[in-house]
Structures are given as structure tokens and as C-alpha cells.
Amino acid sequence: MIEALEAGAEAGADALGPAALLASIRSRKAAEDQAAADVLELAARWADLHPPESIHSAATFTVAGCEHEEPIAGPGTPLVAEFCVAELGTVLGITSVSAKKLIGHALELRHRLPRLWAQVHAGRVPAWRARAVAEVTIHSSPVLTCEAAAFVDSQVAAVAGQDRSRAARPARGRDHQEIRPRDHRSGS
């Protein structure tokens, strides 16, 4: 049964032309980006359900070679109970450290980088790109104040959603033209 389904999927892909294949890939990438945005939203909601009972039971990152621990997100974000991190990681099939980063990025984006957060949920910025920004703002040295994070948010949000793929596409009408070197001797 499984072999028949796999063969059908392969035959379907083989039957598609180049344009249809690219459209199918684009569609699946858009679905993947939407799913990643949804996971960020749900991770933030999961954190909302699990405030720590005390500062000592809040999730943190241990810093190698230091006596202190770093919070999972920047100043102004809510603290999260340590126990909920492992549970989320188990459900997602990721490590506790990865789950801690996911929750931290979600909280950082929602509370300190709200413009970027909105662009992720509007589909203009992929979640991975927003998470990369959040990673930098969380672990910057010195620690970014809420005002500094707001400035970063305004600057990054202004450019993060720009379509960079246009630069990689050939100019319209030149897709299949042959480009020949100019013969400088004859002037043509």
C-alpha cells in the first residue's frame, strides 16, 4: 500500500512540467513558512501558560565559565517555568536547549521586536530570519535595553521583508536570449 502511494506521488511529480514543479515547490515553501510562524505563536502561548513560581524556577541558559545564567529572552519579556521547556521539546522532537531557544525567540519577537513579529505573521518575513534577529538581540553584549530593542526592531522591520529573490531573477524578456560577446573590432 505504501509503495503504491509513494509511486503515485513520484508519478505525479514526474508528470508536472517545470513551471508546475516550481509552483508546487513555492506552495509547499509558503506552507512551511506559515507552519513555522504558527509554531512561534504557539510556543509563546505555551510560555504564557507556564509562568515560574519564583525567579529560581525560571528557564535560563547556563553560560560556560561563568557563575551566572542568562534568561531565555531579553529584558521586558515574561519569565517561563523551566519544566515546560522539556515538555515542549518532547512534543516537537527537539532537545530542551532547542525548545528553550524556540520559546525565547518567540517571547523576544512578541515583546521586544513586535514589528518583526507582525511581519512574520503577515507572511512577509520567514520565521527563521526573525529568529536569527531575536538570537542576536537576546545575547547581545551589553544587554539591549527595551528602547534599544525597539530601535533594532524599527530598523530591521523596515528591510527584513524586502523581496530579495527579484535580484536573482533575470530581467523580463531576457529569460532565454543568448548573450554573445561583442566584437570590438567590427564595432557591433
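When the stretch 111-155 is limited to residues that are under 20 Å from residue 59 (Cα atoms), charged (D, E, K, R) and within 11 Å of the chain's Cα centre (by Cα), the one that is surrounded by the fewest Cβ atoms within 10 Å (Cβ to Cβ) turns out to be 135.
Is at least one residue of the stretch 161-173 in contact with a helix residue (DSSP H, G or I) (Cβ under 9 Å, 6 or more places away or on another chain), part of a helix (DSSP H, G or I) and modelled with pLDDT of 80 or more?
Applying the first criterion (in contact with a helix residue (DSSP H, G or I) (Cβ under 9 Å, 6 or more places away or on another chain)) to the stretch 161-173 yields 161.
If we keep only those that are part of a helix (DSSP H, G or I) too, we end up with none.
Checked the stretch 161-173: no residue is in contact with a helix residue (DSSP H, G or I) (Cβ under 9 Å, 6 or more places away or on another chain), part of a helix (DSSP H, G or I) and modelled with pLDDT of 80 or more.
One residue stands out among those in the stretch 21-60 that are among the polar types (S, T, N, Q) and surrounded by 11 or more Cβ atoms within 10 Å (Cβ to Cβ): the one that is modelled with the lowest pLDDT, which is 57. Within the stretch 89-105, the residues that satisfy the criterion of being without any contact (Cβ under 8 Å) to a residue 60 or more places away in the chain and in a helix (DSSP H, G or I) are 89, 90, 91, 92, 96, 97, 98, 99, 100, 101, 104. Tell me, yes or no, whether the stretch 79-88 has at least one residue that is in a helix (DSSP H, G or I) and at pLDDT 95 or above. Yes, some residue in the stretch 79-88 is in a helix (DSSP H, G or I) and at pLDDT 95 or above.
Just so you know, in the stretch 113-148 the residues that are in contact with a Leu (Cβ under 7 Å, 6 or more places away or on another chain) and in a helix (DSSP H, G or I) include one that is farthest from residue 37 (Cα to Cα), and it is 137.
The values are calculated or read from the model by the stated rules, or taken from the named source; none is laboratory data. Source: prediction; values computed, not measured. All Cβ positions, even for glycine, are placed from backbone atoms using ideal geometry, and neighbour counts span all protein chains on display.
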